[in-house]
1. Pairs please, first residue from the stretch 119-133 and within 15 Å of residue 173 (Cβ to Cβ) and within 14 Å of the ligand (Cβ to nearest atom), second anywhere and modelled with pLDDT of 95 or more and part of a strand (DSSP E or B), Cβ atoms under 6 Å, 6+ apart in sequence or on different chains.
2. Could we say that residue 78 is modelled with pLDDT of 95 or more, more than 30 Å from residue 456 (Cβ to Cβ) and within 15 Å of the ligand (Cβ to nearest atom) here?
3. Here are some residues: 15, 64. Which one is surrounded by fewer than 18 Cβ atoms within 10 Å (Cβ to Cβ) and either under 28 Å from residue 161 (Cβ atoms) or in contact (Cβ under 8 Å) with a residue 24 or more places away in the chain (or both)?
4. Starting from residues that are free of Cβ contacts under 8 Å to residues at least 60 places away in the same chain and surrounded by 14 or more Cβ atoms within 10 Å (Cβ to Cβ), keep the ones in the stretch 265-278 and report whichever is farthest from the ligand (Cβ to nearest atom).
5. Name the helices (runs of 4 or more DSSP H) wholly within the stretch 1-74 that hold at least 2 residues that are closer than 18 Å to residue 428 by Cβ and away from the ligand (no atom under 16 Å from the Cβ)?
6. Scan the stretch 283-301 for residues that are farther than 11 Å from residue 204 by Cβ, out of contact with any helix residue (DSSP H, G or I) (no Cβ under 7 Å at 6 or more places or on another chain) and either more than 16 Å from the ligand (Cβ to nearest atom) or not in a loop (DSSP other than H, G, I, E, B) (or both) and report the count.
7. Which helices (runs of 4 or more DSSP H) does the stretch 370-460 wholly contain that include 3 or more residues that are within 23 Å of the chain's Cα centre (by Cα) and more than 19 Å from residue 13 (Cβ to Cβ)?
Ligand code: NOJ
(Lines give C-alpha, C1' and ligand atoms only; values in the text may rest on other atoms or scores of the structure.)
Protein backbone atom coordinates (compact mmCIF):
# COMPACT_ATOMS: atom_id res chain seq x y z
CA UNK A 1 0.00 0.00 0.00
CA UNK A 2 1.24 3.53 -0.82
CA UNK A 3 2.34 5.40 2.31
CA UNK A 4 3.73 8.73 3.45
CA UNK A 5 7.25 8.63 4.88
CA UNK A 6 7.56 8.15 8.63
CA UNK A 7 8.34 11.82 9.31
CA UNK A 8 5.06 13.00 7.73
CA UNK A 9 3.14 15.11 10.27
CA UNK A 10 -0.64 15.14 10.40
CA UNK A 11 -3.16 16.63 12.76
CA UNK A 12 -5.76 19.36 13.05
CA UNK A 13 -5.69 23.15 13.01
CA UNK A 14 -7.47 25.88 14.96
CA UNK A 15 -7.07 29.64 15.47
CA UNK A 16 -7.09 31.77 18.61
CA UNK A 17 -10.15 33.95 18.07
CA UNK A 18 -12.17 31.01 16.76
CA UNK A 19 -11.72 28.77 19.81
CA UNK A 20 -10.17 30.52 22.81
CA UNK A 21 -13.05 32.44 24.35
CA UNK A 22 -12.08 34.26 27.57
CA UNK A 23 -11.87 37.28 25.29
CA UNK A 24 -12.10 39.73 28.18
CA UNK A 25 -10.37 37.47 30.71
CA UNK A 26 -6.81 36.59 31.64
CA UNK A 27 -5.54 40.06 30.88
CA UNK A 28 -6.25 39.85 27.13
CA UNK A 29 -6.78 43.15 25.33
CA UNK A 30 -9.41 43.52 22.59
CA UNK A 31 -8.60 42.71 18.96
CA UNK A 32 -10.19 44.16 15.83
CA UNK A 33 -12.47 41.09 15.74
CA UNK A 34 -13.97 41.88 19.15
CA UNK A 35 -14.83 45.31 17.82
CA UNK A 36 -16.04 44.11 14.42
CA UNK A 37 -18.40 41.53 15.95
CA UNK A 38 -20.23 44.34 17.73
CA UNK A 39 -21.12 46.08 14.46
CA UNK A 40 -24.73 45.32 13.59
CA UNK A 41 -25.19 42.96 10.64
CA UNK A 42 -21.56 41.91 10.27
CA UNK A 43 -21.88 38.43 11.84
CA UNK A 44 -24.66 36.24 10.44
CA UNK A 45 -26.03 35.10 13.82
CA UNK A 46 -24.97 38.23 15.72
CA UNK A 47 -22.41 36.22 17.72
CA UNK A 48 -18.72 36.70 18.54
CA UNK A 49 -15.67 34.82 19.79
CA UNK A 50 -16.24 36.01 23.36
CA UNK A 51 -16.79 32.41 24.51
CA UNK A 52 -16.27 30.33 21.33
CA UNK A 53 -15.28 26.78 22.35
CA UNK A 54 -13.92 28.05 25.67
CA UNK A 55 -10.56 26.52 24.86
CA UNK A 56 -8.49 28.73 27.15
CA UNK A 57 -10.27 26.97 29.99
CA UNK A 58 -10.72 23.60 28.28
CA UNK A 59 -7.34 23.27 26.60
CA UNK A 60 -6.49 20.04 28.42
CA UNK A 61 -9.67 18.48 27.07
CA UNK A 62 -8.71 19.62 23.57
CA UNK A 63 -5.28 18.06 23.88
CA UNK A 64 -6.84 14.83 25.20
CA UNK A 65 -9.11 14.80 22.11
CA UNK A 66 -6.12 15.28 19.82
CA UNK A 67 -4.38 12.42 21.57
CA UNK A 68 -7.44 10.20 21.18
CA UNK A 69 -7.38 10.98 17.42
CA UNK A 70 -3.79 9.65 17.13
CA UNK A 71 -2.47 12.92 15.68
CA UNK A 72 1.22 13.66 15.42
CA UNK A 73 0.87 17.45 15.29
CA UNK A 74 -1.43 20.35 16.16
CA UNK A 75 -1.56 23.78 14.55
CA UNK A 76 -2.93 26.66 16.64
CA UNK A 77 -2.44 30.42 16.69
CA UNK A 78 -1.37 32.85 19.39
CA UNK A 79 -3.54 35.85 20.18
CA UNK A 80 -1.31 38.93 19.93
CA UNK A 81 -3.50 40.90 22.34
CA UNK A 82 -3.35 38.07 24.89
CA UNK A 83 0.46 38.42 24.83
CA UNK A 84 0.62 42.22 24.61
CA UNK A 85 -2.86 43.62 25.40
CA UNK A 86 -2.30 46.92 23.58
CA UNK A 87 -0.01 45.32 20.99
CA UNK A 88 2.88 47.80 20.74
CA UNK A 89 6.60 47.49 21.37
CA UNK A 90 6.48 49.88 24.33
CA UNK A 91 3.32 48.37 25.82
CA UNK A 92 3.37 45.96 28.79
CA UNK A 93 3.29 42.22 28.18
CA UNK A 94 0.69 39.98 29.83
CA UNK A 95 2.31 37.28 32.02
CA UNK A 96 -0.99 35.36 32.20
CA UNK A 97 -1.07 35.12 28.42
CA UNK A 98 2.50 33.84 28.25
CA UNK A 99 1.72 31.31 31.00
CA UNK A 100 -1.35 30.06 29.12
CA UNK A 101 0.47 29.30 25.85
CA UNK A 102 3.35 27.75 27.76
CA UNK A 103 0.94 25.39 29.55
CA UNK A 104 -0.73 24.48 26.26
CA UNK A 105 2.63 23.77 24.62
CA UNK A 106 3.81 21.68 27.57
CA UNK A 107 0.57 19.71 27.55
CA UNK A 108 0.99 18.99 23.83
CA UNK A 109 4.60 17.91 24.22
CA UNK A 110 3.76 15.72 27.23
CA UNK A 111 1.33 13.94 24.93
CA UNK A 112 3.86 13.56 22.13
CA UNK A 113 2.12 16.10 19.84
CA UNK A 114 4.29 18.46 17.77
CA UNK A 115 3.14 22.08 17.84
CA UNK A 116 2.89 24.22 14.68
CA UNK A 117 2.32 27.78 15.81
CA UNK A 118 0.81 30.65 13.81
CA UNK A 119 1.71 34.12 15.01
CA UNK A 120 -1.07 35.99 13.26
CA UNK A 121 -4.49 34.62 12.40
CA UNK A 122 -6.31 37.94 11.84
CA UNK A 123 -6.77 39.17 15.43
CA UNK A 124 -4.83 42.44 15.38
CA UNK A 125 -4.76 44.23 18.75
CA UNK A 126 -7.38 46.96 18.64
CA UNK A 127 -4.82 49.20 20.35
CA UNK A 128 -2.65 49.26 17.22
CA UNK A 129 -5.60 49.87 14.93
CA UNK A 130 -6.63 52.84 17.08
CA UNK A 131 -3.10 54.19 17.47
CA UNK A 132 -1.98 54.29 13.85
CA UNK A 133 -4.37 52.35 11.62
CA UNK A 134 -2.77 48.94 12.20
CA UNK A 135 -1.68 47.28 8.96
CA UNK A 136 -1.88 50.55 7.06
CA UNK A 137 1.22 52.07 8.69
CA UNK A 138 4.31 50.35 7.35
CA UNK A 139 6.96 51.68 9.74
CA UNK A 140 4.93 51.10 12.89
CA UNK A 141 3.30 47.77 12.13
CA UNK A 142 6.51 46.11 10.95
CA UNK A 143 8.30 47.13 14.14
CA UNK A 144 5.41 46.10 16.40
CA UNK A 145 4.89 42.79 14.61
CA UNK A 146 8.59 41.92 14.84
CA UNK A 147 8.58 42.86 18.52
CA UNK A 148 5.57 40.57 19.10
CA UNK A 149 7.25 37.76 17.15
CA UNK A 150 10.39 38.22 19.26
CA UNK A 151 8.37 37.88 22.46
CA UNK A 152 6.94 34.60 21.12
CA UNK A 153 10.35 33.26 20.06
CA UNK A 154 11.81 34.22 23.47
CA UNK A 155 8.91 32.77 25.45
CA UNK A 156 8.19 29.59 23.45
CA UNK A 157 11.05 29.01 21.02
CA UNK A 158 12.52 26.25 23.17
CA UNK A 159 9.22 24.36 22.76
CA UNK A 160 8.26 25.25 19.16
CA UNK A 161 10.18 24.18 16.07
CA UNK A 162 7.58 25.10 13.44
CA UNK A 163 6.52 28.73 13.10
CA UNK A 164 4.01 30.28 10.71
CA UNK A 165 4.09 34.07 10.48
CA UNK A 166 0.72 34.86 8.90
CA UNK A 167 -2.40 32.94 8.07
CA UNK A 168 -3.92 33.84 4.67
CA UNK A 169 -2.81 37.43 4.02
CA UNK A 170 -5.23 37.49 1.05
CA UNK A 171 -8.07 37.34 3.54
CA UNK A 172 -6.49 39.95 5.82
CA UNK A 173 -6.19 42.44 2.97
CA UNK A 174 -9.11 41.65 0.64
CA UNK A 175 -11.87 40.71 3.06
CA UNK A 176 -10.73 43.16 5.74
CA UNK A 177 -9.86 46.23 3.65
CA UNK A 178 -11.48 45.77 0.23
CA UNK A 179 -14.82 44.01 0.68
CA UNK A 180 -15.25 45.01 4.31
CA UNK A 181 -16.83 41.69 5.28
CA UNK A 182 -14.09 40.86 7.83
CA UNK A 183 -12.45 43.04 10.49
CA UNK A 184 -11.78 45.93 10.42
CA UNK A 185 -14.51 46.27 7.76
CA UNK A 186 -12.93 48.81 5.40
CA UNK A 187 -14.02 49.15 1.77
CA UNK A 188 -11.25 50.62 -0.33
CA UNK A 189 -9.43 49.91 -3.57
CA UNK A 190 -6.06 51.25 -2.41
CA UNK A 191 -5.80 49.99 1.19
CA UNK A 192 -5.79 46.24 0.44
CA UNK A 193 -2.59 46.62 -1.59
CA UNK A 194 -0.88 48.64 1.15
CA UNK A 195 -2.00 46.18 3.84
CA UNK A 196 -0.83 43.19 1.81
CA UNK A 197 2.52 44.83 1.14
CA UNK A 198 3.01 45.67 4.82
CA UNK A 199 1.98 42.17 5.88
CA UNK A 200 4.63 40.72 3.54
CA UNK A 201 7.24 43.04 5.07
CA UNK A 202 6.25 42.23 8.65
CA UNK A 203 6.47 38.52 7.81
CA UNK A 204 9.87 38.94 6.16
CA UNK A 205 11.45 40.95 8.97
CA UNK A 206 10.17 38.46 11.58
CA UNK A 207 11.74 35.64 9.55
CA UNK A 208 15.02 37.56 9.31
CA UNK A 209 15.06 37.96 13.09
CA UNK A 210 14.29 34.27 13.64
CA UNK A 211 16.93 33.11 11.21
CA UNK A 212 19.61 35.39 12.61
CA UNK A 213 18.98 35.11 16.33
CA UNK A 214 16.87 32.06 17.12
CA UNK A 215 17.25 29.40 14.44
CA UNK A 216 20.97 28.84 15.13
CA UNK A 217 20.13 28.00 18.75
CA UNK A 218 16.58 26.67 18.55
CA UNK A 219 16.92 24.92 15.22
CA UNK A 220 13.35 25.39 13.98
CA UNK A 221 11.79 26.42 10.68
CA UNK A 222 9.60 29.39 9.79
CA UNK A 223 7.32 30.21 6.87
CA UNK A 224 4.00 31.67 5.80
CA UNK A 225 0.57 30.18 5.02
CA UNK A 226 -1.16 31.31 1.83
CA UNK A 227 -4.61 30.31 0.58
CA UNK A 228 -5.67 29.22 -2.86
CA UNK A 229 -8.44 27.24 -4.52
CA UNK A 230 -7.32 25.43 -7.66
CA UNK A 231 -8.49 27.47 -10.66
CA UNK A 232 -9.90 25.46 -13.56
CA UNK A 233 -10.75 27.19 -16.85
CA UNK A 234 -14.53 27.01 -17.37
CA UNK A 235 -13.97 25.78 -20.93
CA UNK A 236 -11.07 25.60 -23.38
CA UNK A 237 -11.43 29.15 -24.71
CA UNK A 238 -8.10 31.04 -24.61
CA UNK A 239 -9.57 33.85 -22.47
CA UNK A 240 -10.83 31.45 -19.80
CA UNK A 241 -7.51 29.58 -19.78
CA UNK A 242 -5.80 32.92 -19.20
CA UNK A 243 -8.45 33.91 -16.60
CA UNK A 244 -7.61 30.83 -14.50
CA UNK A 245 -3.93 31.84 -14.45
CA UNK A 246 -4.91 35.36 -13.48
CA UNK A 247 -7.09 33.96 -10.69
CA UNK A 248 -4.08 32.16 -9.23
CA UNK A 249 -1.89 35.25 -9.49
CA UNK A 250 -4.46 37.46 -7.75
CA UNK A 251 -5.09 34.97 -4.96
CA UNK A 252 -1.68 33.43 -4.46
CA UNK A 253 1.02 34.85 -6.75
CA UNK A 254 0.62 38.34 -5.30
CA UNK A 255 2.10 36.94 -2.06
CA UNK A 256 4.01 33.87 -3.21
CA UNK A 257 5.91 35.54 -6.06
CA UNK A 258 7.46 38.32 -3.93
CA UNK A 259 8.21 35.90 -1.09
CA UNK A 260 9.65 33.01 -3.11
CA UNK A 261 10.86 34.81 -6.24
CA UNK A 262 11.28 38.48 -5.35
CA UNK A 263 8.70 40.25 -7.55
CA UNK A 264 4.97 40.89 -7.97
CA UNK A 265 3.28 38.97 -10.82
CA UNK A 266 2.95 40.82 -14.15
CA UNK A 267 -0.79 40.09 -14.37
CA UNK A 268 -1.28 41.86 -11.03
CA UNK A 269 0.98 44.80 -11.90
CA UNK A 270 -0.89 45.35 -15.16
CA UNK A 271 -4.24 45.83 -13.43
CA UNK A 272 -3.22 47.44 -10.13
CA UNK A 273 -0.54 49.63 -11.65
CA UNK A 274 0.57 52.45 -9.34
CA UNK A 275 -1.69 51.32 -6.50
CA UNK A 276 0.78 48.46 -5.99
CA UNK A 277 3.49 49.64 -3.58
CA UNK A 278 7.12 48.95 -4.46
CA UNK A 279 9.76 47.31 -2.30
CA UNK A 280 13.01 49.16 -1.77
CA UNK A 281 16.10 47.17 -2.70
CA UNK A 282 16.90 46.62 0.93
CA UNK A 283 13.37 45.35 1.63
CA UNK A 284 13.42 43.06 -1.36
CA UNK A 285 16.60 41.41 -0.14
CA UNK A 286 14.72 40.54 3.07
CA UNK A 287 11.47 39.51 1.36
CA UNK A 288 12.94 37.25 -1.34
CA UNK A 289 13.44 33.75 0.02
CA UNK A 290 11.74 34.55 3.34
CA UNK A 291 9.91 31.26 3.83
CA UNK A 292 11.42 27.87 4.63
CA UNK A 293 8.37 26.03 3.29
CA UNK A 294 5.10 26.59 1.46
CA UNK A 295 2.18 26.68 3.92
CA UNK A 296 -1.03 26.04 1.99
CA UNK A 297 -4.66 26.41 3.05
CA UNK A 298 -7.00 25.03 0.42
CA UNK A 299 -10.63 24.00 0.43
CA UNK A 300 -11.92 23.53 -3.10
CA UNK A 301 -11.51 24.13 -6.85
CA UNK A 302 -13.26 26.78 -8.89
CA UNK A 303 -14.31 27.04 -12.53
CA UNK A 304 -13.10 30.34 -13.89
CA UNK A 305 -14.46 32.66 -16.58
CA UNK A 306 -12.96 35.93 -17.72
CA UNK A 307 -14.94 39.04 -16.75
CA UNK A 308 -16.71 40.35 -13.68
CA UNK A 309 -16.59 43.22 -11.24
CA UNK A 310 -14.44 41.79 -8.45
CA UNK A 311 -10.95 43.26 -8.26
CA UNK A 312 -9.93 40.96 -5.39
CA UNK A 313 -9.67 38.15 -7.94
CA UNK A 314 -8.60 40.19 -10.98
CA UNK A 315 -12.06 40.56 -12.58
CA UNK A 316 -12.84 36.92 -13.13
CA UNK A 317 -16.04 35.04 -12.34
CA UNK A 318 -15.81 31.80 -10.37
CA UNK A 319 -18.28 29.00 -9.74
CA UNK A 320 -18.62 25.27 -9.42
CA UNK A 321 -21.21 24.40 -12.08
CA UNK A 322 -19.72 22.98 -15.26
CA UNK A 323 -20.99 24.01 -18.71
CA UNK A 324 -23.06 20.79 -18.83
CA UNK A 325 -24.84 21.72 -15.57
CA UNK A 326 -23.06 19.18 -13.32
CA UNK A 327 -21.26 20.22 -10.12
CA UNK A 328 -17.51 19.95 -9.52
CA UNK A 329 -18.40 17.82 -6.49
CA UNK A 330 -20.65 17.41 -3.45
CA UNK A 331 -21.63 20.86 -2.17
CA UNK A 332 -21.44 21.87 1.52
CA UNK A 333 -22.35 24.83 3.71
CA UNK A 334 -20.32 27.57 1.97
CA UNK A 335 -19.09 28.30 -1.53
CA UNK A 336 -15.62 27.10 -0.49
CA UNK A 337 -17.10 23.71 0.39
CA UNK A 338 -17.24 21.67 -2.83
CA UNK A 339 -15.52 18.30 -2.93
CA UNK A 340 -12.92 18.21 -5.72
CA UNK A 341 -9.83 16.10 -4.93
CA UNK A 342 -8.30 16.17 -8.45
CA UNK A 343 -7.99 19.96 -8.17
CA UNK A 344 -6.07 19.53 -4.91
CA UNK A 345 -3.61 17.19 -6.59
CA UNK A 346 -3.16 19.68 -9.46
CA UNK A 347 -2.60 22.54 -7.02
CA UNK A 348 0.07 20.61 -5.10
CA UNK A 349 1.86 19.83 -8.36
CA UNK A 350 1.62 23.46 -9.48
CA UNK A 351 3.09 24.77 -6.20
CA UNK A 352 6.00 22.37 -6.25
CA UNK A 353 6.77 23.10 -9.89
CA UNK A 354 6.47 26.87 -9.42
CA UNK A 355 8.09 27.46 -6.02
CA UNK A 356 10.23 24.38 -5.32
CA UNK A 357 9.61 24.38 -1.58
CA UNK A 358 8.42 21.57 0.69
CA UNK A 359 4.69 21.96 1.29
CA UNK A 360 2.67 21.83 4.49
CA UNK A 361 -1.08 21.71 4.01
CA UNK A 362 -1.84 23.89 7.01
CA UNK A 363 -5.63 23.74 6.50
CA UNK A 364 -8.07 21.62 4.51
CA UNK A 365 -11.62 20.75 5.45
CA UNK A 366 -15.35 20.81 4.81
CA UNK A 367 -18.50 22.20 6.44
CA UNK A 368 -21.47 19.91 5.83
CA UNK A 369 -24.56 21.67 4.52
CA UNK A 370 -27.04 22.59 7.28
CA UNK A 371 -25.10 20.76 9.98
CA UNK A 372 -25.92 23.57 12.40
CA UNK A 373 -29.62 22.71 12.05
CA UNK A 374 -29.13 19.01 12.76
CA UNK A 375 -29.51 17.10 16.01
CA UNK A 376 -26.22 16.05 17.58
CA UNK A 377 -26.58 12.44 16.51
CA UNK A 378 -27.35 13.47 12.91
CA UNK A 379 -24.35 15.80 12.85
CA UNK A 380 -22.03 13.06 14.09
CA UNK A 381 -22.77 10.94 11.01
CA UNK A 382 -20.92 13.35 8.70
CA UNK A 383 -20.61 11.28 5.55
CA UNK A 384 -20.02 14.24 3.20
CA UNK A 385 -17.06 15.31 5.35
CA UNK A 386 -15.71 11.76 5.23
CA UNK A 387 -16.09 11.76 1.43
CA UNK A 388 -14.14 15.03 1.38
CA UNK A 389 -11.29 13.89 3.64
CA UNK A 390 -11.00 10.50 1.97
CA UNK A 391 -10.76 12.13 -1.45
CA UNK A 392 -8.30 14.85 -0.41
CA UNK A 393 -6.08 12.57 1.64
CA UNK A 394 -5.81 10.10 -1.24
CA UNK A 395 -5.15 12.88 -3.77
CA UNK A 396 -2.33 14.13 -1.53
CA UNK A 397 -0.93 10.62 -1.16
CA UNK A 398 -0.87 10.29 -4.95
CA UNK A 399 0.82 13.69 -5.29
CA UNK A 400 3.53 12.48 -2.90
CA UNK A 401 4.02 8.89 -4.01
CA UNK A 402 3.24 9.13 -7.74
CA UNK A 403 4.09 12.73 -8.66
CA UNK A 404 7.01 13.22 -6.27
CA UNK A 405 5.63 16.38 -4.62
CA UNK A 406 7.27 16.84 -1.19
CA UNK A 407 4.24 17.39 1.05
CA UNK A 408 5.54 17.17 4.62
CA UNK A 409 2.44 17.61 6.70
CA UNK A 410 -1.35 17.95 6.69
CA UNK A 411 -3.79 19.65 9.07
CA UNK A 412 -7.54 19.11 8.84
CA UNK A 413 -9.68 22.12 9.55
CA UNK A 414 -10.77 21.92 12.20
CA UNK A 415 -10.29 20.05 15.47
CA UNK A 416 -13.56 21.55 16.73
CA UNK A 417 -16.62 23.29 15.40
CA UNK A 418 -15.86 26.91 16.14
CA UNK A 419 -16.51 30.60 15.44
CA UNK A 420 -16.54 30.77 11.65
CA UNK A 421 -15.97 34.55 11.36
CA UNK A 422 -18.79 36.33 9.51
CA UNK A 423 -20.81 33.08 9.54
CA UNK A 424 -20.72 33.01 13.32
CA UNK A 425 -21.61 29.52 14.56
CA UNK A 426 -23.74 28.70 11.50
CA UNK A 427 -21.05 26.77 9.63
CA UNK A 428 -19.45 23.81 11.39
CA UNK A 429 -16.05 22.70 10.13
CA UNK A 430 -15.05 20.51 13.09
CA UNK A 431 -14.34 16.80 13.18
CA UNK A 432 -15.60 17.25 16.75
CA UNK A 433 -19.11 18.49 17.37
CA UNK A 434 -19.33 21.20 19.99
CA UNK A 435 -22.59 21.63 21.86
CA UNK A 436 -22.21 25.34 22.57
CA UNK A 437 -24.80 25.28 25.37
CA UNK A 438 -22.71 22.86 27.45
CA UNK A 439 -19.29 23.06 25.71
CA UNK A 440 -19.36 19.29 25.54
CA UNK A 441 -17.31 17.81 22.68
CA UNK A 442 -18.51 14.82 20.60
CA UNK A 443 -16.23 13.16 18.03
CA UNK A 444 -17.86 12.95 14.60
CA UNK A 445 -17.41 9.89 12.37
CA UNK A 446 -14.90 11.85 10.25
CA UNK A 447 -12.62 12.08 13.31
CA UNK A 448 -12.66 8.31 13.62
CA UNK A 449 -12.02 7.99 9.90
CA UNK A 450 -8.94 10.23 9.90
CA UNK A 451 -7.56 8.77 13.14
CA UNK A 452 -7.33 5.43 11.32
CA UNK A 453 -6.52 6.60 7.80
CA UNK A 454 -3.33 8.52 8.53
CA UNK A 455 -1.64 5.93 10.77
CA UNK A 456 -2.49 3.26 8.16
CA UNK A 457 -1.01 5.37 5.35
CA UNK A 458 2.18 6.48 7.11
CA UNK A 459 5.15 4.17 7.33
CA UNK A 460 6.33 3.26 10.80
C1 NOJ B 1 -9.44 29.50 6.47
C2 NOJ B 1 -9.18 30.23 7.74
O3 NOJ B 1 -7.82 30.25 8.01
C4 NOJ B 1 -9.97 29.70 8.91
O5 NOJ B 1 -9.87 30.62 9.95
C6 NOJ B 1 -11.42 29.45 8.50
O7 NOJ B 1 -12.22 29.08 9.58
C8 NOJ B 1 -11.42 28.39 7.42
N9 NOJ B 1 -10.72 28.91 6.28
C10 NOJ B 1 -12.82 27.97 6.96
O11 NOJ B 1 -13.45 29.02 6.33
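The values are calculated or read from the model by the stated rules, or taken from the named source; none is laboratory data. Predicted, not measured: the structure shown is a model, and the values here were computed from it. We place every Cβ from the backbone using ideal geometry, glycine too, and count neighbours over all the protein chains shown.
1. Listed by first residue and then by second, the contacts come to 120/166; 121/77; 121/167.
2. Values: modelled with pLDDT of 95 or more: yes; more than 30 Å from residue 456 (Cβ to Cβ): yes; within 15 Å of the ligand (Cβ to nearest atom): yes.
Yes: the conditions hold for residue 78.
3. Numbers: 15 fails: surrounded by fewer than 18 Cβ atoms within 10 Å (Cβ to Cβ).
On inspection, the qualifying residue turns out to be 64.
4. As a first pass, look at the stretch 265-278 and keep what is free of Cβ contacts under 8 Å to residues at least 60 places away in the same chain: 265-271, 273-274, 278.
Retained after the next criterion (residues that are surrounded by 14 or more Cβ atoms within 10 Å (Cβ to Cβ)): 265, 267-269, 271.
Numbers: 265: 22, 267: 24, 268: 22, 269: 27, 271: 25 Å.
Of everything passing the filter in the stretch 265-278, 269 is farthest from the ligand (Cβ to nearest atom).
5. Numbers: elements: 16-19, 32-37, 55-68.
Per the criteria, 55-68.
6. Count: 4.
7. Per the criteria, 383-401.
Yes/no matrix, rows are residues, columns are (1) crowded, with 23+ Cβ neighbours inside 10 Å; (2) more than 12 Å from the ligand (Cβ to nearest atom):
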residue	(1), (2)
335	no, no
340	yes, yes
355	no, yes
360	yes, yes
365	yes, no
369	no, yes
